[in-house]
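Contents: one structure, followed by commentary.
Only the coordinates and a few stated rules stand behind these numbers; no lab work does. Everything quoted here is computed from the prediction, not taken from an experiment. Here the Cβ is made from the backbone with ideal geometry for all residues, glycine too, and neighbour counts use every protein chain on show.
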Amino acid sequence: MTSKTNGIFKLQLVFLLTASLFWSCQPAEEEPAKGSSEHITKVTGAIDDGTLINAENDSKNWLTYGLNYSENRFSALNQINADNVGELGLKWSYDLGSKRGVEATPIVVDGIMYVTGPWSIVHALDVRTGEKIWVFDPEVPRETGRKACCDVVNRGVALYKGKVFVASLDGRLIALNAANGEKVWEKVTLDQSKNYTITGAPRVFKGNVIIGNGGAEYGVRGYITAYDAETGEQKWRWFSVPGNPEQPYERPELEMAAKTWDPAGKYWEVGGGGTMWDAMVYDPELDLMYVGTGNGSPWNRRLRSPGGGDNLFLSSIVALDPDDGSYKWHYQEVPGDHWDYTATQPLILADLEIEGTTRKVIMHAPKSGYFYVIDRTNGEFISAQNFVEVNWATGYDENGKPMEIPEALYKSGAYEAIPGPYGAHNWHPMSYNPNTGLVYLPAQGVPIVIEDDKNWVHNSTETGGPHSGIGWNLGVLASAVPPKSAPFGHLLAWDPVKQEPAWKVELVGPWNGGTLTTAGNLVFQGTADGRFVAYNAANGEKRWEVNTGTGVVAGAATYEVDGVQYVTIAAGWGGVYGLAAHHSATESPGKVYTFAIGGTEAMPEYAEVPQKPLVQGVAYDPAHIGLGAKLFISNCIFCHGVPAVANGGNIPNLGYSSKEVIENIEDYVLTDALKELGMPNFTGILTEDDMTKIKAFIQSTADAVYQQMQQASSGD
């Protein structure tokens, strides 16, 4: 080394040492304050494909609707466990300001929570304080509520690279800035002139935001769509049922599917159905996404496909390529669905040891009442066993086909199909605990008798059968004769390998909340009668409960913030069953409750639901009762229930209204007076003369119930 070079080297060394000393003396860059805009931008911006894939191993956050891509809702956190769960206390509660159904599971990252309420409103909260950060209201037109078969609900959001994605009831997919709630982009995902709605939570797979829709009851064609998370550009769309055979099929598999439909039913005109409104999961290893498809439209398959056929891809699990939506395989659970047996209920991915071999499976417990285990690599049927009583099939053969009971096809009269259209298990999330090997699901029964509507005409309010006045196209008559079975609900622990129950807990009735299970040997579930309960996951022993003041239908979430494990439940009675039925003795608005060991906040106090008196004194002509009953069933019963039979759910039972309300009911039904509450204007569907007949039915039914009460009190 020359002396000149040596000098330069020494100068460089002195410079580096000086610079190092300078920078070491500088104060470290401060971390943004927890809950600040900078903090939110940092932690939400870090959620990318790798983060979401790794959610299988990260239970500190709750990053997607079902916790992880498997959607097993199993948290590895065990700070709260079966031994100390009795020490849980409230940390904070947040009022959603709602009186309709709350179905969302919160998304949480480093103490920042995103949860939705009715009408697709998004709330961003700071878990550390329970304080609101921002609220976004998509301002869904309230008349959209008429298109929503099952309440104006929303099941949650997706989070990806600093954006929150929410789908609005009226069919828009909206990207929000996660830090401030400002809209980044918005796309209309459906034909808003048709009876489509969206209630489900979006999912993000490989940078694509994927969303489906609902509306099969109203006569629409189902599909899901993928949008670029950054720009909102549509990437692909996949239809679950074929369209008009005179036009080119959108994808090759739809030409195959069309061969399983009878064109004599003009299924493309009556919708076909197959809407994909909830279940989606993703396997990164196989690079396959799986979606559950919906029921037929109309329900009655003799009307949509009179020559029979499997009617693909109704009531199926379908595997797709997440990059382009190309079809890979399917398994159809209920060929030619005839009973509203959707396959849209939650899917869970797991690896199970079956007969000495580890199988990559999908576990599914949908409306049909059967628990299915399917090989997710190729769609091969492994097993199916009924988890409740069923009377539409005797079981499944070795090829995975149901063995239908002929009488269940209701060709020759009324049939009480079990399960009924509410399903043996609906959208309420189930969970899988790999430590116990059990799946925890809310099982139920809601009796309904159905029969062929021989006078059905598509889109007719005159001959369209039950609920036709609000646009339903079922092709069946419902409960023309009383059902014989009783409603029920229970929490069921199911062994998916043995295909048998391990234990169950009887509950007050149907429509109980989704489940969450943890490595702390716990199962959490909210109930229809307004409780949030923790059970021992191994044996079902109740370990803790708290009164929420309203029925709970959503699934809970658990996560860790600053070394503390929290459990959150969004409570708010509603959904399709909750519109007309109520099990809780108290009544409160929708709320978010967050608990931790040692929480000391007092639970809110709740007012008792008052027992309203039956309506009395409305004058009516007895000759109007029969037609009034038909009009009520076609237009009102879905939301308001049978007059005077129960004291109402989320929407008032008209048999308990005041005399003045019933006498002037046209002022509510034929105007926009209650539009902001979601009450449709029936002008053009009902007339004032129709309302006179409906009044007769309401008052005569209330009178009959009153007489029964009087006889019972007198001992006659």
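State the extension gain, in nm to one decimal, for the chain segment bounded by GLU246 and GLU676, taking 0.36 nm per residue of separation less the distance between their alpha-carbons. List each step's numbers first, then the result.
On the way: separation 430, 0.36 × 430 = 154.80 nm, distance 4.24 nm.
Between GLU246 and GLU676, full extension yields 150.6 nm more.
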**Q.** By average C-beta atoms within 10 angstrom, highest first, the peptides 615-626, 507-518
**A.** 507-518, 615-626
Q: Compute the signed sum of charges (Lys and Arg +1, Asp and Glu -1) over the other residues within less than 13 Å, Cβ to Cβ, of ALA104.
A: 0
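Summing +1 for each Lys or Arg and -1 for each Asp or Glu, what net charge is found among the other residues whose Cβ lies under 13 Å from the Cβ of VAL164? Can you show the working numbers first?
On the way: positive: LYS161, LYS163, LYS183; negative: GLU182, GLU186.
Net local charge, VAL164 excluded: +1.
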Q. For GLU87, GLU333, GLU676, GLU103, what's the fewest-to-most ordering of other Cβ within 10 Å of each Cβ?
A. GLU676, GLU87, GLU333, GLU103
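Quick one: grab the alpha carbon gyration tensor of region 288-398, order the square roots of its eigenvalues as a ≥ b ≥ c, and give me rounded if a/c is under 1.5, else prolate or oblate depending on whether a/b is larger than b/c. Please report the intermediate quantities before stating the final value.
Numbers: a/c = 2.15, a/b = 1.29, b/c = 1.66.
It comes out oblate by the Cα gyration axes.
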Q: Measure out, as a whole number of angstrom, how far apart the alpha-carbon centroids of region 400-463 and region 650-716 sit.
A: 29 Å
Q: For region 269-369, build the charge dipole from Cβ charges (+1 Lys, Arg; -1 Asp, Glu) around the Cα centre, then report which of ALA350, ALA365, GLY271 sits farthest towards its positive end.
A: GLY271
**Q.** Computed helical MRE - 222 nm, the chain, DSSP H runs ≥ 4 contributing -39500 (n - 2.57), nearest 500
**A.** -4000 deg cm²/dmol
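Could you give the length gained on full extension between ASN459 and LYS42, defined as 0.36 nm per residue of separation minus the Cα-Cα distance, in nm? Please report the intermediate quantities before stating the final value.
On the way: separation 417, 0.36 × 417 = 150.12 nm, distance 5.09 nm.
This chain segment gains 145.0 nm when fully extended.
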Q. Mean Kyte-Doolittle of at least 1.0 and a Cα length of 27 Å or more along the axis: which whole DSSP H helices of the chain meet both?
A. none
Q) At what distance in angstrom do the alpha carbon centres of region 200-238 and region 586-615 lie from each other? A) 36 Å
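Can you order the peptides 648-661, 40-53 by their average number of other Cβ atoms within 10 Å per residue, highest first?
Numbers: 648-661: 20.3, 40-53: 17.4.
Final packing ranking: 648-661, 40-53.
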(Q) Can you give me the C-alpha center-to-center distance between region 315-382 and region 254-308, rounded to a whole angstrom? (A) 15 Å
Q: Give the shape of region 49-601 as rounded, prolate or oblate, defined through the alpha-carbon gyration tensor: a ≥ b ≥ c are the square roots of its eigenvalues, a/c under 1.5 means rounded, and otherwise the shape is prolate if a/b is larger than b/c and oblate if not.
A: rounded
Q: Evaluate the charge dipole of region 157-308 about its Cα centre and quote only its size in Debye, nearest 20, assuming +1 on the Cβ of each Lys and Arg and -1 on the Cβ of each Asp and Glu.
A: 240 debye
Q) Where does each of GLU451, GLU38, GLU217, GLU31 land when they are ranked from fewest to most other beta-carbon atoms within 10 angstrom? A) GLU31, GLU38, GLU451, GLU217
Q: Work from the charge dipole of region 595-712 (Cβ charges, +1 for Lys and Arg, -1 for Asp and Glu, about the Cα centre) and give the residue of VAL618, TYR706, ASN650 farthest towards its positive end.
A: TYR706
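Let me know the shape class of region 484-568, please: from the alpha-carbon gyration tensor, a ≥ b ≥ c as square roots of the eigenvalues, rounded when a/c is under 1.5, otherwise prolate if a/b is greater than b/c, or oblate. Mind dumping the intermediate values first?
On the way: a/c = 2.29, a/b = 1.27, b/c = 1.81.
In terms of gyration-tensor shape, oblate.
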Q: Mind checking which lysines have their Cα closer than 20 Å to the Cα of LYS693? Skip sequence neighbours fewer than 8 apart in that chain.
A: LYS630, LYS659
Q) Which listed residue (ASN213, GLY575, VAL446) has the Cα farthest towards the positive end of the charge dipole for the chain, taking +1 on Lys and Arg C-beta and -1 on Asp and Glu C-beta about the Cα centre? A) ASN213
**Q.** Dipole magnitude of the chain about its Cα centre (Cβ charges: Lys, Arg +1; Asp, Glu -1), debye to nearest 20
**A.** 560 debye
